[in-house]
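Chemist: Starting off with a structure, shown below.
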Amino acid sequence: MLRVASVDKRFSAEGPLVLDDLDLSVGQGEFVSLLGPSGCGKTTLLKIVAGLLPPTAGKVFLEGKESSEPSRDKAMVFQHFNLLPWRTTINNVAYGLEVQGVAKAERLEKAAQFLQLLDLEGYENHYPSQISGGMKQRVGLARALATEPRLMLMDEPFGALDALTREYLQDELAKIAASQNLTVLFVTHSIDEAIYLSDRIVVMGNNPGRILLEYPVPFERPRTTTVVRADPRFAELRNQVWLLLEEEKAGR
Amino acid sequence: MARLKPERRRTIFDWTIRIGFAIVLLVAWELSTRAQSRALAAPPSEILRAFWELTFVEGVIFSETLVTARAFFMGYGAAIAIGLGVGMLMGRSRLAEYVLEPYVTLMYALPSIALIPVLVIWFGINDRIRVVLVILASVFPIIYNTATGVKNVDEELVEVGRSFCATRRKIATSIVLPAALPLIFAGLRIGLSHALVGVIGAEIIVVITGLGGLVIRYADNFQMANMFVPIIFIATLAVLITAGMNRFQTVFRRWEVQDE
């Protein structure tokens with residue numbers, strides 16, 4: 001569904017190589033996590049896929065067609081939520097639809113529907129400054145989901161939340177991803193989070209950013225964090241990934 | 001963000017002190033000026049009489065207020081249109097900013113009154129000079145603040161628009177402009193006070209019409225009581241316009257009010 005083919009990235013002509021010959025593919029309905037230490041270029045890769053940054057070399061294909069610009073097929077969820085503070089919750093959720101020219105009545109109806117999906121009923125007319133961080137990111141999720149994209153791109157969406165809220169939202173995302181059959185490319189630096197959520201984990205290394213290894217996650221979806229954590233395979237996989245990252249760090 | 005502290009309820013004591021202080025001031029003014037020459041000072045009682053006379057008997061003051069207000073709104077309106085346009089351009093284009101920035105900084109710092117002689121040479125002693133001076137006085141703070149506001153818009157918010165494939169125009173109107181609004185309003189407020197100085201300055205120094213014109217004409221004739229009447233009108237006009245601006249601003253910035 002998504003294919004990233006030999007992508008290189010430098011931020012300036014003489015600058016260091018940030019991404020080195022990266023290949024990646026994501027299948028329809030698959031949930032893939034990009035996991036790596038900070039500075040490994042995972043967010044850069046996500047922004048290249050989103051079309052927000054141009055690659056220095058290589059191409060991005062979405063369903064066989066080149067996709068180097070932002071498009072309606074893709075929607076992004078941001079680490080710092082990036083809600084528009086002057087818009088109420090419902091108008092934030094409707095923003096993507098508004099940009100795409102959906103009529104007002106229709107986009108508000110759809111926004112209300114997605115607010116409901118994310119348990120935000122009753123907060124339609126609140127401004128972002130009036131709701132908690134966890135609720136803000138639910139609005140961010142609803143905003144991306146409301147445009148019904150074929151590919152969801154999520155940039156450490158729970159990284160700025162406290163541990164409890166984070167876990168709660170992970171379960172919620174797992175549920176929605178399964179029920180809506182989402183295709184997701186998810187950036188994280190938490191091994192646990194990657195295991196809870198994904199079908200496959202792509203581990204990246206530093207200097208230059210590149211793919212080290214991929215791990216399939218053996219758990220059936222839908223799943224919850226509690227069930228996954230209790231499974232002995234969780235600890236085993238977690239350990240493997242951890243050792244790989246340690247080895248990579250020691251190697252330089 | 002913290003909630004605004006609710007205003008403390010005023011007690012009768014507060015009001016008594018406030019009104020008492022005003023009475024003391026007025027009485028002191030009355031007593032100290034009564035014995036003086038009317039050409040040098042006017043007691044409040046005479047100003048009150050002159051106020052009645054000029055406002056409700058002769059009525060000249062209203063037509064002159066209209067003259068001043070009209071010039072003010074024409075000039076300030078034009079300054080807003082130009083200021084927002086140029087400011088947006090400078091905020092979005094590095095080249096435009098680089099080229100224009102020195103002029104904006106220089107003209108922002110220059111007291112507009114200093115330009116009156118050159119305007120007289122170019123336009124003659126003419127009513128247009130007043131509108132031009134209002135524009136020159138107020139356009140630069142508007143440009144400067146709009147440019148700064150637009151330039152400092154959080155790139156992450158712009159990325160939201162881009163990720164949904166918004167056009168440049170849609171990003172400008174739905175993200176950049178609202179995000180820059182707090183600084184734009186700061187520019188509008190500074191521009192407003194500069195514009196008031198500009199219009200009254202031009203009236204007193206050059207065109208000798210409008211409320212400023214009345215002030216200088218009465219002063220030239222040593223009609224001290226009359227002179228204070230247009231000054232009262234100028235102050236009232238300024239207060240009303242500023243209040244209107246604040247009202248306008250709260251409508252636009254409702255989202256900053258913190259309440260559950």
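The values are calculated or read from the model by the stated rules, or taken from the named source; none is laboratory data. Bear in mind the structure is a predicted one, so any value in this text is a computation, not a measurement. Quick reminder, even Gly has a Cβ in these numbers, built from the backbone with ideal geometry, and neighbours come from all protein chains shown. The protein model used for the area step is the full one, side chains on, heavy atoms only, and it has no ligands, DNA or RNA in it. Shrake-Rupley method; radii C 1.70, N 1.55, O 1.52, S 1.80 Å.
Chemist: Could you please find all residues in the range A:20-42 being surrounded by fewer than 17 Cβ atoms within 10 Å (Cβ to Cβ) and either within 14 Å of chain B (Cβ to nearest Cβ) or of a type in the set (Ser, Thr, Tyr) (or both)?
Modeler: A:Ser25, A:Ser38
Chemist: Which residue, of B:Ile135, B:Ile125, B:Ile184, B:Ile121, is farther than 22 Å from B:Met90 by Cβ, away from chain A (no Cβ under 11 Å) and assigned to a helix (DSSP H, G or I)?
Modeler: Every option except B:Ile121 fails the conditions.
Chemist: What are the residues in the range B:138-171 that are part of a helix (DSSP H, G or I), within 14 Å of chain A (Cβ to nearest Cβ), open to solvent by 30 Å² or more (accessible area, probe 1.4 Å) and of a type outside the set (Asp, Glu), if any?
Modeler: B:Arg162, B:Arg168, B:Arg169, B:Lys170
Chemist: Quick one: which residue in A:Ala178, A:Ala146 is touching a Lys or Arg at 6+ places or on another chain (Cβ under 7 Å), under 18 Å from A:Leu83 (Cβ atoms) and of a type in the set (A, V, I, L, M)?
Modeler: Matching residue, one of A:Ala178, A:Ala146: A:Ala146.
Chemist: Of the residues B:Glu101, B:Glu97, which is of a type in the set (Asp, Glu) and either out of contact with any helix residue (DSSP H, G or I) (no Cβ under 6 Å at 6 or more places or on another chain) or not in a helix (DSSP H, G or I) (or both)?
Modeler: B:Glu101
Chemist: Let me confirm something: among B:Leu196, B:Leu214, which residue is in contact with a helix residue (DSSP H, G or I) (Cβ under 6 Å, 6 or more places away or on another chain) and within 14 Å of B:Leu54 (Cβ to Cβ)?
Modeler: None of the others qualify; the one that does is B:Leu214.
Chemist: Residue by residue through the range A:97-146, note down the ones that are within 19 Å of B:Ser174 (Cβ to Cβ), within 14 Å of chain B (Cβ to nearest Cβ) and of a type in the set (A, V, I, L, M, F, W, C).
Modeler: Correct list: A:Leu97, A:Val99, A:Val102, A:Ala111, A:Val139, A:Ala142, A:Ala144, A:Ala146.
Chemist: Of the residues in the range A:158-202, how many are among the hydrophobic types (A, V, I, L, M, F, W, C), in contact (Cβ under 8 Å) with a residue 40 or more places away in the chain and either more than 13 Å from A:Arg223 (Cβ to Cβ) or open to solvent by less than 20 Å² (accessible area, probe 1.4 Å) (or both)?
Modeler: Residues that pass the stated criteria total 15.
Chemist: Next question. Looking at (1) at negative phi; (2) in contact (Cβ under 8 Å) with a residue 40 or more places away in the chain; (3) not basic (Lys, Arg), which one does B:Gly161 not meet, given that it meets all the others?
Modeler: (2)
Chemist: Is at least one residue of the range A:33-41 of a type outside the set (Asp, Glu), in contact with a Leu (Cβ under 6 Å, 6 or more places away or on another chain), closer than 14 Å to A:Pro55 by Cβ and in contact (Cβ under 8 Å) with a residue 40 or more places away in the chain?
Modeler: yes
Chemist: Within the range B:211-260, restricting attention to residues that are among the acidic types (Asp, Glu) and within 14 Å of another protein chain (Cβ to nearest Cβ), which residue is surrounded by the fewest Cβ atoms within 10 Å (Cβ to Cβ)?
Modeler: B:Glu260
Chemist: What number of residues within the range A:56-69 satisfy the criterion of being within 14 Å of chain B (Cβ to nearest Cβ), in contact with a strand residue (DSSP E or B) (Cβ under 8 Å, 6 or more places away or on another chain) and assigned to a loop (DSSP other than H, G, I, E, B)?
Modeler: Number of matching residues: 2.
Chemist: Within the range A:70-95, take every residue that is without any contact (Cβ under 8 Å) to a residue 60 or more places away in the chain and among the small types (Gly, Ala, Ser) and give me the one that is farthest from the other protein chains (Cβ to nearest Cβ).
Modeler: Restricting to residues being without any contact (Cβ under 8 Å) to a residue 60 or more places away in the chain and among the small types (Gly, Ala, Ser), the top hit is A:Ala94.
Let's see how each residue does on (1) closer than 21 Å to A:Ala194 by Cβ; (2) assigned to a strand (DSSP E or B); (3) open to solvent by less than 60 Å² (accessible area, probe 1.4 Å):
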site	(1), (2), (3)
A:Ser6	no, yes, yes
A:Pro54	no, no, no
A:Ser71	no, no, yes
A:Met76	yes, yes, yes
